[in-house]
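Visitor: My questions all concern the structure below.
Derivation of every value follows stated rules applied to the coordinates shown; laboratory data play no part. Just so it is clear, the model here is predicted, and its values are computed rather than measured. All Cβ positions, glycine included, derive from the backbone under ideal geometry; neighbour counts span all protein chains shown.
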Amino acid sequence: MTKQKFTVTAARGMLPLLAKELAEMGIKETKQEQGNIRFIGDLADAYRVCLWSRIAIRVLMPIAHFSAKTTDELYQGIVELPWEDHIDAEGSTIAVDFNSFRSKIHHTQYGAQRVKDGIVDRFREQTGERPSVDLHQPDLRINVYVKNNQAIVSIDLSGESLHRRGYRVENTAAPLKEHLASAILYTAEWPHLAKQGWGLIDPMCGSGTILIEAAMMAADIAPGSHRDYFGFLYWKQHDKEIWKSLKAEAERRRHSGLARLPKMSGGDADERAVAAAKANIAEIGLSDRISIEQRDLLDWPAQAKAQPTSGLIVCNPPYGERIGDASELHYLYESLGNIVTESYPAWRTTMITDNESLGKFTGLTIFDTMPIDNGPIACQILSFRAPRPVSKRAQQYEQPVETIDADESGEEDFYEPQEAIELSENAEMFSNRLKKNLKHLGKWARKNKTECYRLYDADLPDYAVAIDVYGDHVHVQEYAPPKSIDPEKAVQRLNDVMMVIPRVLEIPAANIALKLRKKQRGTQQYEAQASQKQRLKVSESGLSFWINLTDYLDTGLFLDHRITRQMIMEHATGKAFLNLFAYTGSGTVYAAAGGAESTTTVDMSNTYLDWAQENMALNDLSADKHRFVRANCLEWLQSAQQEPERYGLIFLDPPTFSNSSRMEGVFDIQRDHVSLISMAANLLTKGGSLIFSTNRRDFKMDSSALNKLAIKDISHATLPKDFERNPKIHYCWMINRQS
């Protein structure tokens, strides 16, 4: 794709934030100037900025640069440009923005008029037709900036300021602009805190801008996804396919991100502000994700017990300029500081104010300030430390962890029947298939004492998703659609899925976690996607396990190994059990529950070893005879060959491929399985058994190289009923020493 120059503008003080955004979008060739950042990229990059930047005001694409010392020179330069390449004359509309700096043309309105005349006259000469003017949402917005008598002519791809997200249907007096709210949240490190599962409160929410922008950040919702107008949509060089693809990607990210949204609350003493906030939140589709009530500031201490231990209080308090006497605000700042100190001691606080000295009245410790403009008012963003922050270890294991029984039905998760929406014919088919599966598999799951099972696995070609039930929560994995599928059609099918599931299963939409399922390399399937640590307690075959639907690609419990785990339980009685590449230790739980004499659980991750021990404790299986070893399993196996400790049962379920930084070299299960199985089998007692499994679809067992072992294929025998549609979900063998 052709590379070209673009200019992105931002408000005073926000360029560093914009630069960081562009870098995170993968835009590298940038140059920061006064009031803007220039970059070299392709059209997809420019569209991505329009869709995803929370800070940018406009995205401009320069198309010409010429001398313009007089309005006649300006006019002539405009007339000579090929405007027919950008817009048709008949039935189209234009608008012109004109600014000048240190130039002889200083009358901006007249400058804009001459630019418009030049465009219109060129079309008249060529076709006899002319575009009309629409200052609101034109088909083409032209930006002309004359600096030192040099004119830069650009197409405004944004069309109108990007701070207009499209969700503001109700206003309050002096509402905070959306890009300013985002700047406040970026300064407060909210995206990072949200990933840790911290809560957020705006006790003076006004029309809800901070709450909405915070939710969109935390849920990975593109700020431009709700807009129906951009400056490029009617531009003749608009690439519709690129835009469709970017919109589809944003929709997937929104569905996936909503499951990771932490607890968010807001309120205001003004009932009209609360009504406006609720209307705006409803417009963006987040009414069931953000709690908002009419509430005085002094009422917030009573809400503390219902909030996470750590969080961010962020607000836009009234300014002295607005109420006439800044001294009246002392009490408000004092009250806020007292509330945080006494009721929210592990919460940070961030606010925007036009009077930095007022921040001292909170009694809180400032750790960062940032100058910024709120319209014509020069302000400061003040960030305060938590009075008594939770230690990092406590944050890791206690504070963000929400433990929920999957069969709990609290008030917050109460299902309210949703409005009847007419489904498309295909969506109706999907709904009917889901109902049929639920009736059949739900009965089977209850009979087998499990609340975790695969309900649907791409049964219908048009709906290529895997749907796993965990009590009253659902984990959805979308199989990556082929490139031949229209992105809009693929996303519409995903929308159908996310709309049908809560209706058929009668659960809140908030109980659904979505992830895109694609081929993983190395340890990607184990890498963190977030760090909220919100755990569910689920049961399987009478045993209990912690799962996590949001933080990783996998949940902590491989459902296709249910029968394999039962087999481990049956064979473990009275034996020493070894679990290699143990993940969260579910196999160890089954072995211990089956009466294993001892268990040894080996994994390279501290996180998963801790998880495994918590699963054991959950089943009252914590005892000295259960050992947990943090080690590279390959290295551990190699060292174990020297003075082998013998095991009556070994479970070996390695990754397909690994190039982890904690491992030397690259591991490939197809290439390396012979040496891996041989080393593990050397640790078996006489008559001991090794259960080996892999989910590599094209795996071929090299039995001839392992001819000293008795190998029995038990893949079909370990395939659960809910995975019968997908017999290649895993391959499994029972392996015994022949001597």
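Visitor: First select every other residue whose beta carbon is under 12 angstrom from the beta carbon of residue 235; then total the charges, Lys and Arg +1, Asp and Glu -1. Could you put the intermediate results ahead of the total?
Guide: Numbers: positive: 141, 236, 240; negative: 85, 88, 139, 156, 239.
Neighbour charge sum, excluding residue 235 itself: -2.
Visitor: Could you state the per residue volume, in Å³, of the convex hull enclosing the Cα atoms of the stretch 115-197? Each step should come with its number before you reach the end.
Guide: Numbers: hull volume 16.6 nm³, N = 83.
Convex hull volume per residue, Cα atoms: 200 Å³.
Visitor: With Cβ to Cβ distances under 13 Å as the rule, what net charge do the other residues near residue 339 carry (K, R +1; D, E -1)? Let's see the in-between values first.
Guide: On the way: positive: 295; negative: 296, 299, 334, 342.
The answer is -3.
Visitor: Once label points are set 7 Å from the Cα along Cα→Cβ at both residue 275 and residue 702, what is their separation, rounded to one decimal in nm?
Guide: Between residue 275 and residue 702, the simple spin-label model gives 7.5 nm.
Visitor: Compute the FRET efficiency between residue 171 and residue 132 as 1/(1 + (r/R0)^6), taking r as their Cβ-Cβ distance and R0 = 25 Å, and round to the nearest 0.05.
Guide: After rounding, the FRET efficiency stands at 0.25.
Visitor: Take each of the peptides 119-131, 15-27, average the number of other beta-carbon atoms within 10 Å over its residues, and list them starting from the highest.
Guide: Working: 119-131: 15.3, 15-27: 17.4.
Listed from highest to lowest mean packing, they are 15-27, 119-131.
Visitor: Are there trypsin sites (Lys or Arg not before Pro) in the stretch 620-693 that DSSP puts in a loop and that have at most 14 other Cβ atoms within 10 Å, and which ones? Please list the in-between numbers first.
Guide: Numbers: sites: 625, 627, 630, 646, 662, 671, 686; in loops: 625, 646, 662.
Loop-located and lightly packed - 625, 646, 662.
Visitor: Give the percent of DSSP beta bridges with both residues in the chain that are antiparallel, rounded to the nearest 5. Intermediate values should be presented prior to the final figure.
Guide: Details: 70 of 125 bridges.
The antiparallel proportion sits near 55 percent.
Visitor: Cross-link list 515/721; 28/195; 20/69: which exceed 27 angstrom alpha carbon to alpha carbon? Working shown, then result.
Guide: On the way: 515/721 24 Å; 28/195 25 Å; 20/69 37 Å.
Exceeds cut-off: 20/69.
Visitor: Taking the Cα centroid of the stretch 565-604 and of the stretch 677-728, what is the distance between the two, rounded to the nearest whole Å?
Guide: The distance from the Cα centre of the stretch 565-604 to that of the stretch 677-728 comes to 16 Å.
Visitor: To continue, here is another question. Considering all projection directions equally, how large on average is the shadow of the alpha-carbon convex hull of the stretch 4-156, in square nanometres?
Guide: Details: hull surface 36.1 nm².
Its average projected convex-hull area is 9.0 nm².
Visitor: Let me ask another. Between the alpha-carbon centers of the stretch 445-502 and the stretch 153-193, tell me the distance in whole angstrom.
Guide: Rounded to whole Å, the Cα centres lie 34 Å apart.
Visitor: For residue 100, list long-range residues whose amide hydrogen, built 1.01 Å from N in the peptide plane, is under 5 Å from its own amide hydrogen.
Guide: Sorted by chain and number, the residues that satisfy this are 146.
Visitor: Output needed: percent of Cα pairs per 20 Å distance bin for the chain, bins running from 0 to the one holding the longest distance.
Guide: Calculated P(r), rounded to whole percents: 15, 40, 32, 12, 2.
Visitor: First obtain the Kirkwood hydrodynamic radius of the stretch 558-737 from its Cα pairs, then insert it into the Stokes-Einstein equation at 4 °C and 1.567 mPa s, and state the resulting D in µm² per second as a whole number. Walk me through the numbers on the way to the answer.
Guide: Numbers: Rh = 16.4 Å.
Answer from the Stokes-Einstein relation: 79 µm²/s.
Visitor: Counting helices only, and only those DSSP H runs with n ≥ 4, report the 222 nm mean residue ellipticity of the chain as the sum of -39,500 (n - 2.57) divided by its residues, in deg cm²/dmol to the nearest 500.
Guide: Values: 19 runs with 226 residues, N = 739.
The helix contribution divided over the chain gives -9500 deg cm²/dmol.
Visitor: Within the stretch 564-589, name every residue whose backbone N is under 11 Å away from a label modeled 7 Å from Cα of residue 625 along the Cβ vector.
Guide: Zone members listed by number: 573-577.
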